[in-house]
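The values are calculated or read from the model by the stated rules, or taken from the named source; none is laboratory data. Nothing here was measured: the structure is a model prediction, and the numbers come from that model. So basically every Cβ, Gly included, is an ideal-geometry build from the backbone, and we count neighbours across all protein chains shown. For accessibility, only protein heavy atoms count, side chains too; no ligands or nucleic acids. Shrake-Rupley method; radii C 1.70, N 1.55, O 1.52, S 1.80 Å.
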Amino acid sequence: MLKAIKGGLIINGKGEAPIPDGLILVDGNRIQAVGSRDSLSIPRDAEVVDLGTATLLPGLIDTHVHLVMNAKEDCVTSLAHKSAVESVVEAAANARLALRGGVTTVRDCADVFGVTLTLKRAIDEGHLDGPRILACGLPITTTAGHLHYMGISADSTEEVLKAVRTVVAMGVDWVKVCATGGGLTPDSNVSRAQYSAETLTALVQDAHRLGRKVAAHAHGTEGIMNCAIAGTDSIEHCSWMGEEDGHRYDADAVDLIRKKGLYVSHTITGPRTGSPEELEELLESEYGERFALLRRTMEEGVRMVISSDAGVPDTRFEDFGGGLVIAVKCCGFSPMGAIIAATSRAAEMLGMADRIGSLEPGKSADILAVDGDPLQDIYAIRRIAGVFKDGRRFV
Ligand SMILES: [Zn+2]
């Protein structure tokens, strides 16, 4: 089945010069050709999808979501009252919302009962609509540690290795470990490390032995350094929270993160109207300093991706584009930089750059069409005109 998708500008996701009057030829689930309308001819048997002047870019990749969470204040407490079946229904509804919001791939960074593994299969087999899922399944944490109510509690190195093997046996794509406490677990101490660098190193080595990459939740600087030493493939949040009040940036940790080529997946949470008032409020809040440190980390050459943490309070699955707006308006990303961070670089972090994350021949036909030019006006990224995943149109 051939499709010819006509649009305006094409932004390929890799930072190359945009192509005006774009045309993408899709053969089944793959991109066959990308170019200007003048440069390509439309095969006679192709179905023509004319999106007018809509900008075409790769489907977005959100590398940090929690599909089982409801994005409301009670996102955590409500989990305790839900069966696995209820959680899979919640996750299925959220997956659909994410896809409608232009997200064609997600990495789910902690679920309950391993339900995202079930959901992933259902989506892959075409029973349900949703983005491609890479699932971390149950998070590994300490007793009383961050997300202990969702995952596997493991304190000693021996217990941690057992936990890695348990989640790999469940079939996870990535291993998620909570290297520091977290805001959703009030008694866990968000500023302090939960594991020593030695224990984290053992975890990373065993996960890699089993062919899995490791995503580490880390807000506190102490824990970020431990992740850098251990070489966790991605460091989530990376908020540089000091052991005492406020922030503590650690240039040595940044050096190590850059040298080892680790990724920082900066989650941009919260309601995102993107109004001038909201942006001003954000920059004046404690996020102001966090964003400034993020910018500093990025300017040091660390490989940065943008993610949402969708599912946590006020962080909706259908508005990942709003996070890109905040990234540009508050965190020092250029519009092109934000698009790269949520497409090709995210794909590279996931080890899937050969399949997704850019508009190029041979890649999966994951395409987002938006009204307007996000390079001129990043808000355009939220004006969704069409979403294709594997060549099939969902919006
Ligand atoms: Zn999270």
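General remarks:
- Answer residue from region 294-314, given it is of a type in the set (A, V, I, L, M) and out of contact with any Asp or Glu (no Cβ under 8 Å at 6 or more places or on another chain) and is nearest to the ligand (Cβ to nearest atom) among those: Val312
- Top-ranked residue of region 95-138 - restricted to ones that are touching a Leu at 6+ places or on another chain (Cβ under 9 Å) and polar (S, T, N, Q), ranked as farthest from the ligand (Cβ to nearest atom): Thr104
- Against the conditions (1) open to solvent by 10 Å² or more (accessible area, probe 1.4 Å); (2) within 13 Å of the ligand (Cβ to nearest atom), Ala92 satisfies every one except (2).
- Residue match in region 216-232 (condition: open to solvent by 10 Å² or more (accessible area, probe 1.4 Å) and either aromatic (Phe, Trp, Tyr) or within 16 Å of the ligand (Cβ to nearest atom) (or both)): yes
- Look at region 256-283: where a residue is closer than 14 Å to Leu294 by Cα and assigned by TED's automatic domain parsing to the domain that holds Thr297 and a partner is open to solvent by 50 Å² or more (accessible area, probe 1.4 Å) and assigned to a helix (DSSP H, G or I), sitting 6+ places away or on another chain with Cβ atoms under 8 Å, you get Tyr263/Arg345.
- Matching residues, region 315-332, being in a loop (DSSP other than H, G, I, E, B) and either within 14 Å of the ligand (Cβ to nearest atom) or touching a strand residue (DSSP E or B) at 6+ places or on another chain (Cβ under 7 Å) (or both): Thr315, Arg316
- Test result for Leu210, closer than 19 Å to Phe333 by Cα, away from the ligand (no atom under 16 Å from the Cβ) and surrounded by fewer than 18 Cβ atoms within 10 Å (Cβ to Cβ): no
- Taking the conditions (1) closer than 27 Å to Asp252 by Cβ; (2) surrounded by fewer than 18 Cβ atoms within 10 Å (Cβ to Cβ) in turn, Asp354 satisfies each one other than (1).
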